[in-house]
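What follows is one structure encoded as C-alpha cells, with my remarks underneath.
Throughout, read-outs are computed from the coordinates displayed, never taken from laboratory work. This one's a predicted model, so the numbers in the text were calculated from it and none came from an experiment. Cβ sites come from the backbone with ideal geometry, for glycine too, and all protein chains shown count toward neighbours.
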Amino acid sequence: MTSHRPAAVKRGLRDGSWSVATGLRRALPDTAMSPVLSVLLAAALQFTNLAHPEQCPEVVPRAQWGARPPTARQDMPTPVPFVVIHHTYQPGFCATSPDCERAMRTMQDMHQFNNKWNDIGYNFVVGGDGKVYEGRGWGTVGAHAPNYNSRSIGISFIGDYTSNVPTPAMLEAGRRLIQCGVARGQIAPDYQLIGHRQVRETDCPGDAFFALIQNWPHWSPLRDIVPRT
Ligand SMILES: [Zn+2]
C-alpha cells in the first residue's frame, strides 16, 4: 500500500487528456476491484474512451520520410485558434508506408521547387497507412491557407476526397492528432475547425470530406474566402 496516487492517475489528472478511470484501470490489479467498482469503472471507461483520446498518435518524423531541411522557418504563436483541413488531391491515396513516404517527398518537391516555399506546406499529413507524417510540425508557420498560416495547424489527408472520405484509420489518426494538440497547448481548447475552401477559392478538401467535417466537433461555418487572382 502506498499513500501516493499511482503515477498513471496523476498523469491523467494533470493533463486532463485521459481519464482518472483509465489511470485506475492501469494502476489497480483486477483482483483489487469489487464487482460494483468493476461495473462503475467499465461504465466510466466506456464514456471516457468516447470523450477523450488516450494519448498522442505516433508521428512519423521528417528524417524517416526523407525530408530536406526547410530553407527557412518561422515560429508560430501557440495555442492556435484554428485547424484547417485539406486533402492533397495529388499525390493520390497511398496504402503502404513506403508509398506514403514517397508521397511526402513528392509534396515537398512540389512545394519547395514549384511553389518556392520554404518547406512542405502542411503542418501534418495523414497517410492511407493510418500514420501521421510530420510536415512543418507544431509551432511553425505553414503555407496552406492564406491569412490563416500563422494562426492554424494545417492537416492534410493524402488522396482525393471529392467522392469518398478518408478511411476510418485516417480519420481516427486526424482526430487523435487534434486532441493531442489541445492537450499539449498547441491548439486552443475552443479552436475552430474549417475546410480549406472556407478561406480560399478551392475545392479542397473535396466535396465528400468537406461534408463530413461539418459534423465534426468545433467545425465553424465561417467564410473568409480569398479568391484566386
Ligand atoms: Zn487545401
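Going from the fewest other Cβ atoms within 10 Å to the most, the residues MET170, MET110, MET104 appear in the order MET110, MET170, MET104.
Dipole magnitude for segment 176-216: computed about the Cα centre from +1 point charges on Lys and Arg Cβ and -1 point charges on Asp and Glu Cβ, it is near 200 debye.
Each other residue within a Cβ distance under 12 Å of VAL84 adds +1 if Lys or Arg and -1 if Asp or Glu, for a net charge of +2. Within segment 57-160, the GluC sites (Glu not before Pro) that combine a DSSP coil assignment with at most 13 other C-beta atoms in a 10 angstrom radius are GLU58.
Of the residues VAL84, VAL199, the one with the fewest other Cβ atoms within 10 Å heads the list, and the complete ranking is VAL199, VAL84.
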